[in-house]
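Take a look at the structure set out below.
The values are calculated or read from the model by the stated rules, or taken from the named source; none is laboratory data. Quantities reported herein were computed from a predicted structural model and do not represent experimental measurements. Ideal geometry is used to build each Cβ from the backbone, glycine not excepted, and the neighbour counts take in all protein chains shown.
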Amino acid sequence: MFTGLIEAVGRVEEVKPLTAGVKFYVHSVIAEKLNSGDSIAVSGVCLTVTSVRGDLLEADVSPETLQSTSLGRLHIGDLVNLERPLQAKSRLGGHFVQGHVDTTGTISQLRSQGDFYLLTVAFPEILSPYFVLKGSVAVDGISLTISEINGNRFSAQIIPYTWENTNLRVAKTGDSVNLESDILGKYVVRLMQQDELNTTRC
């Protein structure tokens, strides 16, 4: 479980093909705080650290994860958001983020508004029930609050700190981003679907 509060930005140093999937090598200042077997959210995707060498962490990525997230589009030099799992004794900021990406979206707009930025993301229609005004969403692992919904697009205001301390600072229109809707919303929608199904059966 994560919070969507990014701890560090890492840089992809190598992408090594495996028989199936790939192995990522990511340079980061938090690598030394990790051990083999630890979980780590890489741009919102929960991975397992397989090895740590100084400031370089290694993680294997399965074929399914490569297909369903933006990790399959990463290249050497790309920046990724990193977050270690939430500890039970920690205070909770952001919102509950599982690291289980629902799908990818596309940045349709990213423009400055004074010291702030407005991010607009286009998403697949299937996710529409899970996005609500003032609700939470994880974009590349970043906990954001939805400020506007227009069809299959949502917008979120980016504060200067988030801009400077995540990979959004190098993002551009057309980029693919990992999306994870709020787990609480998923349960609500599921319960409503079950109620509708039971009512139909009656």
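For the residues Ile107, Ile159, the requirement of being touching a residue at least 40 places away in the same chain (Cβ under 8 Å), under 20 Å from Val9 (Cα atoms), outside the structural domain of Gly21 (by TED's automatic domain parsing) and surrounded by 15 or more Cβ atoms within 10 Å (Cβ to Cβ) singles out Ile107. You will find that of Asp78, Asp55, Asp38, the residue that is outside the structural domain of Asn165 (by TED's automatic domain parsing) and under 30 Å from Ser128 (Cβ atoms) is Asp78 and no other.
Among the residues that make up the stretch 180-201, is at least one of them modelled with pLDDT of 90 or more and either basic (Lys, Arg) or on the phi > 0 side of the Ramachandran plot (or both)? No; the residues of the stretch 180-201 include none that is modelled with pLDDT of 90 or more and either basic (Lys, Arg) or on the phi > 0 side of the Ramachandran plot (or both).
Number of residues in the stretch 87-104 that are aromatic (Phe, Trp, Tyr) and touching a Leu at 6+ places or on another chain (Cβ under 7 Å): the value is 0. Of the numbered criteria (1) assigned by TED's automatic domain parsing to the domain that holds Val42; (2) touching a His at 6+ places or on another chain (Cβ under 8 Å), the one Glu180 fails is (1).
Applying the set (1) surrounded by fewer than 17 Cβ atoms within 10 Å (Cβ to Cβ); (2) under 19 Å from Thr166 (Cα atoms); (3) assigned by TED's automatic domain parsing to the domain that holds Thr166 to Pro129 leaves exactly one unmet item: (2). In the set (1) in contact with a Phe, Trp or Tyr (Cβ under 9 Å, 6 or more places away or on another chain); (2) in contact (Cβ under 8 Å) with a residue 24 or more places away in the chain, Tyr25 fails one condition alone, (1).
When Ala171 is tested against (1) surrounded by fewer than 18 Cβ atoms within 10 Å (Cβ to Cβ); (2) more than 18 Å from Phe96 (Cα to Cα); (3) of a type in the set (A, V, I, L, M, F, W, C), exactly one condition is not met: (1).
Exactly one residue out of Ser136, Ser51, Ser62 is polar (S, T, N, Q), under 20 Å from Glu180 (Cβ atoms) and touching a strand residue (DSSP E or B) at 6+ places or on another chain (Cβ under 7 Å): that is Ser136.
The residue that is surrounded by the most Cβ atoms within 10 Å (Cβ to Cβ), counting only those in the stretch 3-47 that are among the hydroxyl-bearing types (Ser, Thr, Tyr) and modelled with pLDDT under 95, is Thr3. Checked against (1) surrounded by fewer than 15 Cβ atoms within 10 Å (Cβ to Cβ); (2) part of a helix (DSSP H, G or I); (3) modelled with pLDDT of 95 or more, Gly77 meets all criteria but (2). Residues being over 16 Å from Ala8 (Cα atoms) and out of contact with any Ser or Thr (no Cβ under 7 Å at 6 or more places or on another chain): count how many of those fall in the stretch 39-67. Total satisfying the criteria: 8.
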